Amino acid sequence: MFYKQINFIMKKRSHEVLFKNVIPSKTNKDVLPDLLEAGDVFKLENGVYGFGGIALELFDYFSNSIKESGFGLGATEYLYPSLISVKSIKKIDYVRRAPEILNFVSHLNFVSHIKNDADIVGSFIERNKDAENKISMEDDVDTDFVISPATCLHEYCKLQNTDLILPEEKIIVGGASKCSRFEPESSEYSLGRLRDFTMREIVCIGTPKEARAFIKEAFLCAKNLLRVWGLDSLIAMGDDPFVIKQSRVESDDFLEFFELKYELKATLPFNESKLAIASLNYYKDFFGKSFNIKVNGKVAHTACFAFGIERCVYAFLSQYGLDKSDWPKSVLSSLKS
Ligand SMILES: [Zn+2]
């Protein structure tokens, strides 16, 4: 009964377009081969890339542009780590709840260390001395960290078990971190879907009223950024494959979880697809409950505005190409060189 209700709501609302920025593209060619040849992007492994040259210039441009928007929304800036403890991940049921959570768990990249025992170290070395692509863990390792799949989780960890007093402690933060998501459904990664990527977020922790006000302001900010960046793009009501694909929903957490989710999608002209470059999410009290964060004695509500920086670069170059004379003035004027 409840599942039917969710399905109906998701069908009705997902993909509804709320804003469009229509810009003619300068090229319809996939820029990745040219970027690789120029050395501006280098591929280390499938899904693991590094940036230099104009790709790095744009990376810094988009990152700074989002950081500045965060300051405009009142954010304090932080640099977050890439690792998050299993203990923290368990707080949001990443590990326990199945099968609903299965897709999320399978995205996690685990970080393990060998147990501190000479015999175990010896057998590990012996067993893996000829290993080429994969190391056999067996029972020799403990996994106490994962590479975080999102930046905002670090902020919730930082604030766990606190009761913020407003208005003095109104919390809006901005920050970036390296994140990682394993993609079991796709054997081929690209610049639009990396295993190791940079997420920059602006996060609000506050009362329901503040979280909703933040979403409103962030939505205006999103429209402004897409215009300034000159991206052919749209903002649509989001869905999440995690919710859509599952056949069973046991509690109303999930409906609450996705009360509001907007996705910023940019056009990739070479294959006429849309690439999600950011999402704006209102999680209500999900993280407040999970991490025991309170505001004036009541469970905190949270909202976050999250960007995949490499995706922004890829979408921009896919629309404008590598020749800077074709790039919009609003972007060129902010580049250092
Ligand atoms: Zn987030």
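The values are calculated or read from the model by the stated rules, or taken from the named source; none is laboratory data. This structure is a prediction, so every number in the text was calculated from the model and none was measured. When we count neighbours, we look across all protein chains shown, and the Cβ atoms used for this are built from the backbone with ideal geometry, even at glycine.
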message = If Pro167 meets every condition in (1) away from the ligand (no atom under 13 Å from the Cβ); (2) touching a residue at least 24 places away in the same chain (Cβ under 8 Å) apart from one, which number is that one?
response = (2)
message = So for region 184-194 (the condition being within 16 Å of the ligand (Cβ to nearest atom) and either in a strand (DSSP E or B) or not aliphatic (A, V, I, L, M) (or both)), does at least one residue qualify?
response = no
Search result, residues across region 108-148 that are touching a residue at least 40 places away in the same chain (Cβ under 8 Å) and either of a type in the set (S, T, N, Q) or buried (at least 19 other Cβ atoms within 10 Å of the Cβ) (or both) = Leu108, Asn109, Thr143, Phe145, Val146, Ile147, Ser148
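If I filter region 178-187 for residues that are crowded, with 19+ Cβ neighbours inside 10 Å and at pLDDT 90 or above, do I get at least one hit?
yes
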note = Note on region 288-321: residues within 14 Å of the ligand (Cβ to nearest atom) and among the aromatic types (Phe, Trp, Tyr) are Phe291, Phe305, Phe307
request  = Considering only region 283-316, state which residues are among the β-branched types (Val, Ile, Thr) and surrounded by 22 or more Cβ atoms within 10 Å (Cβ to Cβ).
outcome  = Ile293, Val295, Thr302, Ile309, Val313
query = Taking the stated definitions as given, is Ile66 modelled with pLDDT under 85 and closer than 21 Å to Tyr282 by Cβ?
reply = no
query = Out of all the residues in region 145-161, is one or more within 16 Å of the ligand (Cβ to nearest atom), under 30 Å from Ala266 (Cα atoms), of a type in the set (A, V, I, L, M) and part of a helix (DSSP H, G or I)?
reply = yes
